[in-house]
There are 2 protein chains.
Amino acid sequence: MTRLAGCELCELAVSKVVDNDKFAVILADEPNYPGFARVIWKDHVREVSDLLDADRLLLNEAVWQLELAVREVMQPLKVNVASLGNVVPHLHWHVIPRYADDAHFPAPVWAQAVRATDAAVLDARRALLPRLAEAITRRFAKQ
Amino acid sequence: MTRLAGCELCELAVSKVVDNDKFAVILADEPNYPGFARVIWKDHVREVSDLLDADRLLLNEAVWQLELAVREVMQPLKVNVASLGNVVPHLHWHVIPRYADDAHFPAPVWAQAVRATDAAVLDARRALLPRLAEAITRRFAKQ
């Protein structure tokens, strides 16, 4: 396994919902986006297309299972899925539940914010996070 | 095949590099991002996780082949891959070659632009597009 000193994803020190030899799944700490989750590949790899075929399919399956868990629990209007990594070029995927009243909708979450979501709505979404963690754990236990 | 009247991706009327029963590959008309390409699923489906397993794997393979072609010809610093669809909720993937001198780097292309790329550099990248189309055609012919 390749490790890069100073890479924040090689040295990921946050709570993980799934943690195996190949990847971790975490709930992101994004106050405006409860349910924003990430799959982080363990090996310090730059691009999806740097992976061996079996690993690429494993990662794809993980992103798909995470999307299913996010849809099941968070009931978003839309799911956004992205692998960018310009700032931290260590392969990871964002899975983001989107709602008509979220801070950027319909723009991507990386655009300028256009509104503040009602605090009670955010609280209600945040209250779903334990169920989301359970749903992720359950889906990945089946793999 | 589901078609939605008024959906701009159901009624896609642009030149396609790949065009089969399941998906099309197009080069996006993004002046600041020569080599920006998309895979557009033909059926009017909202999310990756709405696809049957075989279709999901087929689409994943297409996005991967497109990423390989973009890397081969455009030689980007980083590739960004995303399925958003908030504005047009018809399943499609963006594959975007990124460079340190592009309009938004290292931010996502949907953030506020931070610079104008040198026109000669953009011209040189644009000059690669026929080779990119060839590389895509070749890779998808092998599938």
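Since every read-out is calculated from the coordinates, none of them should be taken as a lab result. Since the structure is predicted, the reported quantities are computational estimates derived from the model, not experimental observations. No Cβ is skipped: glycine too gets one built from the backbone with ideal geometry, and neighbour counts run over all protein chains shown.
Data table
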quantity	calculated
Percent of alpha-carbon pairs separated by more than 26 Å within the protein assembly as shown	44
Relative contact order %, chain B, counting alpha carbon pairs below 8 Å whose residues are six or more apart	25
Loop sites in segment B:99-143: trypsin sites (Lys or Arg not before Pro), DSSP, at most 12 other Cβ within 10 Å	B:115
Within segment B:74-143, chymotrypsin sites (Phe, Trp or Tyr not before Pro) in DSSP loop having at most 13 other beta-carbon neighbours inside 10 Å	none
Estimated [θ] at 222 nm from DSSP helical runs (n ≥ 4, -39500 (n - 2.57)) normalised by residues in the protein assembly as shown, nearest 500	-10000 deg cm²/dmol
Proportion of all alpha-carbon pairs of segment B:25-143 beyond 26 Å (%)	22
Range in chain B, longest, excluding exposed GluC sites (Glu not before Pro) [loop by DSSP; at most 16 other beta-carbon atoms within 10 Å]	B:12-143
Simple spin-label estimate for residue A:44 and residue B:56 in nanometres, 7 Å along Cα-Cβ	3.2
Charged-residue dipole, Cβ positions (Lys, Arg, Asp, Glu), the protein assembly as shown about Cα centre, Debye nearest 20	180
